[in-house]
Protein chains: 2
Amino acid sequence: MSDQVKYVLPESELPTHWVNLLPELPGDSHPPLHPATGQPIGPEDLSALFPMELIMQEVSGEPEIEIPEQVREVYRLWRPSPLYRARRLERALDTPAHIYYKYEGVSPAGSHKPNSAVAQAYYNRRAGVRRLVTETGAGQWGSALSLACQLFGLQCEVFMVGVSFDQKPYRRAMIEAWGGSVHRSPTGLTAAGRAHAAHADGSLGIAISEAVEIAAGAEDTNYALGSVLNHVCLHQTVIGQEAIKQLEMAGEMPDVVVGCVGGGSNFAGLAYPFIRRDMRAGSSTRYIAAEPSACPTLTRGEYRYDFGDSAGMTPLMPMYTLGHDFIPPPLHAGGLRYHGDAPSLCQLVHEGIVEASAIRQSDAFAAAIAFARAEGIIPAPEAAHALRAAFDLAEAAKEAGEAPVILIGLSGHGHFDMSAYQAYRAGELADLELSESQLREALSHLPEAPAIAG
Amino acid sequence: MSDQVKYVLPESELPTHWVNLLPELPGDSHPPLHPATGQPIGPEDLSALFPMELIMQEVSGEPEIEIPEQVREVYRLWRPSPLYRARRLERALDTPAHIYYKYEGVSPAGSHKPNSAVAQAYYNRRAGVRRLVTETGAGQWGSALSLACQLFGLQCEVFMVGVSFDQKPYRRAMIEAWGGSVHRSPTGLTAAGRAHAAHADGSLGIAISEAVEIAAGAEDTNYALGSVLNHVCLHQTVIGQEAIKQLEMAGEMPDVVVGCVGGGSNFAGLAYPFIRRDMRAGSSTRYIAAEPSACPTLTRGEYRYDFGDSAGMTPLMPMYTLGHDFIPPPLHAGGLRYHGDAPSLCQLVHEGIVEASAIRQSDAFAAAIAFARAEGIIPAPEAAHALRAAFDLAEAAKEAGEAPVILIGLSGHGHFDMSAYQAYRAGELADLELSESQLREALSHLPEAPAIAG
């Protein structure tokens, strides 16, 4: 079996619970604050947007939360997802490192996003909601939610970041194939959209504002977020739980876990079950969060309270932020264009448990091409950032004569991102570094809020 | 386990041999004939295009042929592929039928095509060939061969049918991501292309002529065909062998096997292992070959010798044909636009073992949408033809109060076919029936050749 490539779990090994890291997070926790009063928000403040079961998950102190059988039934359409040993890539890189990747591109939507979309659609359906509204960047989340709504009999409306809407017409077609409808954001349908009409490229922050505005104003309609929030990270932890079992099948444990970070849900889903295990066993895995250098939230942002959206309608959340009205350049990894990050992940970075690394777009694509030519799978541009970070680790291992076990979160495939590959091939893919003055300008609009202890 | 959805085999259950149905085909066999002399061709006649090991497979009388370990190593990147019980679809159709689908979209290229591409690249590499040239319709085969060539260190050049080149720009990007190069056929690079310059949409027949011409004229270059030939059908039989094991896991055996047919390799790969088992066990499974009504080779073509390409450079093959210079309408299922079919499949149709069914494009897409909304996976337009045929069977089962086991070959996903879904949604997807006069005109150009006994 020394040449085994895939580690596949039977359906019976599908996790029965989600892992909630909240009660075990090290350091001080900081509650979200009401945008108007500055006071900690309570469940009722969120009830216009989310069903109560998701709000309870958002603040839960339970270490584990059971996955409803109807959610597991849908998960079984593609889960457990495969873990691969990247034997061909190791040979291509000529590295002694053992490289594994957990592949979430096997979901119908092609990414990890349905893990939470399905759960959110389920709980909203149970609460009698008829329509979910959301935003999407690269289209991964929007398509995942459209699929999930279709499976649970809900309507779905997606505000898609303008630049991604233009770059990825077939993501839109995918959302529509599953019955959802798509708006190019900013739209004229909302006050938030009209206020940002000049930003034709749009941003995740603007699209969030639009979706929240619609959901807050309609009785039968809720909002769904694809990342950042605790309950979203929670739902993703099926990834890491499966990976632990699969690495045990391979007789290995990771020295380093690498994932890309946009809002943090993919990274959290893979890493949190490992982090919990480490905390309980006292082991010391490295965790590396790979983010784009054009939207360097964790590496260059400020750790403090900020709004989740551009218009300042969401609660203030404690996170590394570039400023809630920061509009990142039209990066091809559309899923990594968020101005902030999941508060739980930010806390882990702040506490030194997770390291952050900024990756240039062109370096990410070079790694993606090398990966595709060795392993076959064409990675999503988001996942390519994690690949680049892993390649650097594999290179360092070779120089040091070490053989670490590297686990990569391959969050999705790039079938709907081929225009980015075309641009890379044509030499048209710019490296969009954020200058110091741009950074200072972005950070100058931060709202007044209590400081987070350093 | 009554709710099990996926039947997944471990890598250790990957088939070790391909199934060769040739020695067990019922009825008279008719050898391919040399296009100039009309005499049966010998191995040496094919040696300008193919390596000797593939030529020997083409005419082999062995019932099984061992799969080289280096080919199996690549297969393990995605094989064994999953078999699904379509429980949600059964509920959506409200049918008592048990519906299973064998899903080949898990390959990196998204279809069954790499099963043969990998084998062909391997044998060509062993023979010292440096470059493979081929044609592609929808791009499924071209991308599969580009991937396979990359994995075995060969150059790859693809002549892509003009209309598909225009409809599927991202298939081209995919071929290029794996290192292959793409030409829009007809090109000015070949005599065959120049002769058909007026047919701007192109056809598989023209593209084959172009690729064959290049391969025949260059010492270090061979040709690779993605369907029709015996050795291609042979390589695909890993599909059916796995499906037999997986249905045994489920405790069922199919009453009907349904697959789409362009050149026949996907259908053969699924059905031939079952047909062999039937022949040996005396059982009586139904086999249904679903083809587009716009290119109705098996249902309306003539059973006789014809060229495999438009220019008349290939051997004459015994098959149902619409005429070698038939140019089908710009059907969105680009993989089903071939004027003929695999001779082995044609013989099975002629002998009454396989039934053929012509499916309208719009009916196929309606089935594809319903399938996507029940099962999640967005099917390739080719596979949608098989789905439509299966839906009709499920409907009939309901009316008859029967519960047959239906096995569908889901040959690939539709991620690179979303423009077709857009067209369907917009009501722009025409049903392109072949009129009687068009059929007569197409059949009037058939070459002189011995008749096939009726």
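Annotation for region B:273-286: no member residue is touching a residue at least 60 places away in the same chain (Cβ under 8 Å) and among the hydroxyl-bearing types (Ser, Thr, Tyr). Against the list (1) surrounded by fewer than 22 Cβ atoms within 10 Å (Cβ to Cβ); (2) of a type in the set (Asp, Glu); (3) within 14 Å of another protein chain (Cβ to nearest Cβ), the condition B:GLU375 fails is (1).
On inspection, B:GLU176 passes the criterion of being over 17 Å from the mean Cα position of the chain (by Cα) and on the phi < 0 side of the Ramachandran plot. Could you tell me which residue of region A:414-427 is farthest from A:VAL106 (Cα to Cα), considering only residues that are within 8 Å of chain B (Cβ to nearest Cβ) and crowded, with 17+ Cβ neighbours inside 10 Å? By that ranking, first place goes to A:GLN422.
Residue-level analysis places A:LEU154 outside the set of residues that are within 22 Å of the chain's Cα centre (by Cα), under 30 Å from A:ASN20 (Cα atoms) and outside the structural domain of A:VAL261 (by TED's automatic domain parsing). Given the conditions (1) in contact (Cβ under 8 Å) with a residue 24 or more places away in the chain; (2) closer than 19 Å to A:ALA127 by Cα; (3) not aliphatic (A, V, I, L, M), which single one is not true for A:PRO80? All conditions are met except number (2). Among the residues of region B:1-23, those identified as in a loop (DSSP other than H, G, I, E, B) and either within 17 Å of B:SER116 (Cβ to Cβ) or away from chain A (no Cβ under 14 Å) (or both) are B:LEU14, B:PRO15, B:THR16, B:ASN20, B:LEU21. When B:SER146 is tested against (1) away from every other protein chain (no Cβ under 14 Å); (2) polar (S, T, N, Q); (3) not in a loop (DSSP other than H, G, I, E, B), just one condition goes unmet, and that condition is (1).
From the list B:ARG388, B:ARG425, B:ARG373, the lone residue that is at pLDDT below 95 and basic (Lys, Arg) is B:ARG425.
When B:ALA148, B:ALA138 are screened for being within 15 Å of the chain's Cα centre (by Cα) and open to solvent by less than 10 Å² (accessible area, probe 1.4 Å), only B:ALA138 passes. If I ask for residues that are without any contact (Cβ under 8 Å) to a residue 24 or more places away in the chain and within 14 Å of chain A (Cβ to nearest Cβ), which ones from region B:153-170 would you list? Answer for region B:153-170, where residues must be without any contact (Cβ under 8 Å) to a residue 24 or more places away in the chain and within 14 Å of chain A (Cβ to nearest Cβ): just B:PRO169.
No other residue among B:ILE239, B:ILE275 is open to solvent by less than 10 Å² (accessible area, probe 1.4 Å) and under 15 Å from B:LYS113 (Cβ atoms) apart from B:ILE239. When each of A:ALA289, A:ALA268 is tested for being under 19 Å from the mean Cα position of the chain (by Cα), under 14 Å from A:ALA386 (Cα atoms) and not in a helix (DSSP H, G or I), the lone residue that passes is A:ALA289. Filtered by the rule that a residue be surrounded by fewer than 24 Cβ atoms within 10 Å (Cβ to Cβ) and either modelled with pLDDT of 95 or more or over 21 Å from the mean Cα position of the chain (by Cα) (or both), region A:158-169 gives A:ASP166, A:PRO169. Looking at A:TYR122, A:TYR100, just one residue is without any contact (Cβ under 8 Å) to a residue 60 or more places away in the chain, hydroxyl-bearing (Ser, Thr, Tyr) and crowded, with 18+ Cβ neighbours inside 10 Å, and that residue is A:TYR122. All told, B:THR134 meets the bar of being closer than 20 Å to B:LEU336 by Cα and either away from every other protein chain (no Cβ under 13 Å) or not in a loop (DSSP other than H, G, I, E, B) (or both). Taking the criterion of being within 14 Å of chain B (Cβ to nearest Cβ) and surrounded by fewer than 24 Cβ atoms within 10 Å (Cβ to Cβ), the only residue of region A:332-366 that qualifies is A:ALA366. When region B:24-61 is filtered for residues that are open to solvent by 50 Å² or more (accessible area, probe 1.4 Å) and closer than 15 Å to B:VAL212 by Cβ, the ones remaining, listed by number, are B:PRO32, B:HIS34, B:ALA36, B:ASP45, B:SER47, B:ALA48.
In summary, A:LEU225 fulfils each of the numbered conditions (1) closer than 16 Å to A:PRO343 by Cα; (2) open to solvent by less than 10 Å² (accessible area, probe 1.4 Å) with the single exception of condition (2). Check off (1) modelled with pLDDT of 95 or more; (2) in contact with a helix residue (DSSP H, G or I) (Cβ under 9 Å, 6 or more places away or on another chain); (3) more than 18 Å from A:TYR223 (Cβ to Cβ) for A:VAL106 and give me the number that stays unchecked. Going through the list (1) modelled with pLDDT of 95 or more; (2) in contact with a helix residue (DSSP H, G or I) (Cβ under 9 Å, 6 or more places away or on another chain); (3) more than 18 Å from A:TYR223 (Cβ to Cβ), A:VAL106 breaks only (2). In region B:25-38, the residues that are under 16 Å from B:PRO447 (Cα atoms) reach residues that are small (Gly, Ala, Ser) and part of a loop (DSSP other than H, G, I, E, B) with C-beta atoms within less than 6 angstrom, at least six apart or across chains, in these pairs: B:PRO35/B:GLY312.
The helices (runs of 4 or more DSSP H) found entirely in region B:36-124 that carry 1 or more residues being within 14 Å of another protein chain (Cβ to nearest Cβ) are B:69-75, B:87-93. In region B:171-185, the qualifying residues are those that are at the interface with chain A (Cβ under 7 Å from one of its Cβ atoms) and part of a loop (DSSP other than H, G, I, E, B), and the one that is most open to solvent (accessible area, probe 1.4 Å) is B:GLY179. Quick check on region A:379-390. Is at least one of its residues away from chain B (no Cβ under 14 Å), among the basic types (Lys, Arg), touching a residue at least 60 places away in the same chain (Cβ under 8 Å) and buried (at least 22 other Cβ atoms within 10 Å of the Cβ)? Scanning region A:379-390, I find at least one residue that is away from chain B (no Cβ under 14 Å), among the basic types (Lys, Arg), touching a residue at least 60 places away in the same chain (Cβ under 8 Å) and buried (at least 22 other Cβ atoms within 10 Å of the Cβ), so the answer is yes.
Under the condition of being more than 22 Å from A:ALA389 (Cα to Cα) and either small (Gly, Ala, Ser) or in the same structural domain as A:TYR170 (by TED's automatic domain parsing) (or both), the residues counted in region A:405-426 number 2.
The set of residues in region B:280-316 being within 30 Å of B:LEU407 (Cα to Cα), among the hydrophobic types (A, V, I, L, M, F, W, C) and buried (at least 20 other Cβ atoms within 10 Å of the Cβ) consists of B:ILE288, B:ALA289, B:ALA290, B:ALA294, B:CYS295, B:LEU298.
The values are calculated or read from the model by the stated rules, or taken from the named source; none is laboratory data. Just so it is clear, the structure is predicted and the values come from calculations on it, not from any experiment. No Cβ is skipped: glycine too gets one built from the backbone with ideal geometry, and neighbour counts run over all protein chains shown. For the accessible areas, the whole protein counts, side chains as well, though only heavy atoms, and no ligand, DNA or RNA atoms are used. Shrake-Rupley method; radii C 1.70, N 1.55, O 1.52, S 1.80 Å.
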